[in-house]
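The structure's right below; bear with me while I get my questions together.
The values are calculated or read from the model by the stated rules, or taken from the named source; none is laboratory data. Keep in mind it's a predicted model, so treat the numbers as computed, not measured. Note that each Cβ is placed from the backbone with ideal geometry, even for glycine, and that neighbours are counted across all protein chains shown. Note: accessible area is taken over every heavy atom of the protein model, side chains too, but ligands, DNA and RNA are not part of it. Shrake-Rupley method; radii C 1.70, N 1.55, O 1.52, S 1.80 Å.
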Amino acid sequence: MGKIILKNIFKRYGNNVVCNIDYLEIKDGEFLTLLGPSGCGKTTTLRIIAGLTKEDEGEIFIDDKKVNDLSPENRNTAMVFQSYALFPHMTVAENIAFGLKMRKIDNEEIKKKVESVLNIVGLEGFEDRYPKQLSGGQQQRVALARAIVCNPDLLLFDEPLSNLDAKLREKMRFELKKLQQELGITSIYVTHDQAEALVISDRIAVMNKGKIIQIGSPDSIYTWPKSEFVADFIGLATFIDGEVISLIEKDSSLLVKTHDGLNIKCRGDAQKGEKVRILIRPENIEIDRVNHWKDSNVFTGKIIEKAYLGGYVDYHIEVGEWVLRTQESPRVEYKIGEKIFCWLDPENCIAIAKDKDEV
């Protein structure tokens, strides 16, 4: 069991409000990620849940039990830190067993639990090694094993992969998600890495200035952001300013006129006459030397920048007074200065009302 509810959580340091959450519910067995830039309040929120930081106001419930006055060790949570926090003078087995010994578990039971969890994290045969004899990924697994061996109701992760190299970090994302699903432990994960959040999360809570700006599935956060801040923080984005000039009832779309006279068909909740900012993702832009779309949202443009990135070429395209960004296969190469046609997928161009921008 591990349902978490936060109500009216507020924390201030001096004049700086670092956490201001009206309501957040995390379902039993869910993997929720707190995502946002440095200083947005995500780690403070995690520490408040763990009992390591005291909130100024608000209530915290774990399995419908209010835990505000409980010490960290009595909340049955376990945290995996960025620094791993392993004891250098202890072996792998001793590090994992530390929490069990503090709970005065029988030695034979400790041995069984340590053996079981070593098997779960794939470290059988490493029990007699010391942290300095392990790779970064292996140390991370020991820290994870130490956290889950005590059978917590809630797992808390504070940027646990940030010290790993890029390839290992990518591998560990999938391993963490798989392990969490197998164990079914409610988990809260803090990161500023958008790719990490998209891969591992059941839901993502995007934070800024102590508040949760938007919460939802990775797909909904990426595809339908409610503000420019969320759209810009999750993935690459181009923004074009304009005004809604008509609502197209036939397909529930909008027609937006930009400052320089372009008419762009898009989707969104805005009303006629409303000032909006259109979000366009690189994967929703197509380019070619000829206009074969015969559709709306086709514009002429010019390649002004390009960068070869292995599997794709990153192009910057000047369209009117705007610069769009798309990523194309290297099989067809366009030159800087070349004029091309550019199609913006109207189903995936999203109009965000400016008065909804919370930054």
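Calculate, for F239 and Y13, the FRET efficiency according to 1/(1 + (r/R0)^6) with r their C-beta to C-beta distance and R0 30 Å; round to the nearest 0.05.
That gives a FRET efficiency of 0.35.
Plugging the Kirkwood radius over Cα pairs into Stokes-Einstein for the range 93-201, at a temperature of 10 °C and a viscosity of 1.306 mPa s, what D comes out in µm²/s?
D = 109 µm²/s.
Which residues among the range 291-308 fall inside the zone where the amide N is under 11 Å from a point 7 Å beyond the Cα of E338, along Cα→Cβ?
303
While we're on this one: Determine the order of H316, H259 by accessible area, beginning with the largest, at a probe radius of 1.4 Å.
The ordering from most to least exposed comes out as H259, H316.
If packing is taken as the mean number of other Cβ atoms within 10 Å per residue, what is the order of 49-57, 139-147, highest first?
With the highest mean Cβ count within 10 Å placed first, the list reads 139-147, 49-57.
May I ask you to give the average projected area over all directions of the convex hull of the Cα atoms of the chain, in nm² rounded to one decimal?
Over every viewing direction, the Cα hull of the chain projects on average to 22.2 nm².
Which order do you get for K294, K132 if you rank them by accessible area with a 1.4 Å probe, largest at the top?
Heavy-atom accessible area, descending, gives K132, K294.
Taking 0.36 nm per intervening residue step and subtracting the Cα-Cα distance, what contour gain separates K112 from D219 on full extension?
Gain in length upon complete extension: 34.5 nm.
Shifting gears a bit: Which entries in the list K7/K226; K226/K275; K11/K177 go over 20 Å, if you measure between the two C-alpha atoms of each?
Exceeds cut-off: K7/K226; K11/K177.
Work out the charge dipole of the chain with +1 on the Cβ of Lys and Arg and -1 on the Cβ of Asp and Glu about the Cα centre, then indicate which of A97, I21, N284 is farthest towards its positive end.
In the chain, that residue is A97.
Something else now. Please give, to one decimal in nm, the separation of the simple spin-label points placed at Y23 and L168, each 7 Å out from Cα toward the Cβ.
In this crude label model, Y23 to L168 measures out at 4.3 nm.
Okay, next question. Taking all protein chains in place and a 1.4 Å probe, what share, in percent, of the accessible surface of the range 161-272 do carbon and sulfur account for?
49
Under 11 Å from the 7 Å Cα→Cβ point of F61, by amide nitrogen: which residues of the range 1-36?
Within reach of a label on F61, which here means backbone N under 11 Å from a point 7 Å along Cα→Cβ, the range 1-36 contributes 3-7, 24-26.
Compute for the range 239-359: radius of gyration divided by Kirkwood radius, i.e. Rg/Rh, restricted to C-alpha atoms, rounded to two decimals.
Computed over Cα atoms, the ratio is 0.99.
For the range 117-271, report the translational diffusion coefficient in µm²/s to the nearest whole number, using Stokes-Einstein at 10 °C, 1.306 mPa s, and a Kirkwood Rh over Cα pairs.
The Stokes-Einstein estimate is 85 µm²/s.
Considering the chain, which cysteines have no disulfide-compatible partner, defined as another cysteine with its Cβ under 4.7 Å away?
Among the cysteines of the chain, those whose Cβ sits 4.7 Å or more from every other are C19, C40, C150, C342.
Still on this model: Express the C-alpha Rg of the range 17-81 as a ratio against the empirical globular expectation 2.2 N^0.38 Å, rounded to two decimals.
1.10
Follow-up. In whole percent, what relative contact order does the chain give with Cα contacts below 8 Å and a gap of six or more residues?
Relative contact order of the chain: 16 percent.
Where nothing but the Cβ of Lys and Arg (+1) and of Asp and Glu (-1) is charged, how large is the charge dipole of the range 300-359 around its Cα centre, in debye to the nearest 20?
Dipole magnitude for the range 300-359 comes out near 260 debye.
In deg cm²/dmol, rounded to 500, what helix-only [θ] at 222 nm does the chain give when every DSSP H run of at least 4 residues adds -39500 (n - 2.57) and the total is split over its residues?
-7000 deg cm²/dmol
Mind putting a number on the dipole of the range 258-359 about its Cα centre? Charges go on the C-beta only, +1 for Lys and Arg and -1 for Asp and Glu, and I need it in Debye to the nearest 20.
Value, rounded to 20: 180 debye.
Another question, then. According to a simple spin-label model (label point 7 Å from Cα along Cα-to-Cβ), what is the distance in nm between E347 and K104?
6.4
Here is a follow-up. In vacuo Debye scattering of the range 217-266, one point per C-alpha: log10 I(q)/I(0) at q = 0.20, 0.22, 0.32 Å⁻¹?
Taken in order of the listed q values, log10 I(q)/I(0) reads -0.82, -0.91, -1.06.
Using Cα positions and a limit of under 30 Å, work out the lysines in reach of K171, with same-chain residues fewer than 8 apart set aside.
K171 reaches K3, K27, K42, K111, K112, K113, K132, K306.
Roll a 1.4 Å probe over the protein chains and send me the accessible area per residue for the chain in Å².
Here the per-residue accessible area is 49 Å².
Can you compute the charge dipole magnitude of the chain about its Cα centre, using +1 on each Lys and Arg Cβ and -1 on each Asp and Glu Cβ, nothing else charged? Give it in debye, rounded to the nearest 20.
Dipole magnitude for the chain comes out near 460 debye.
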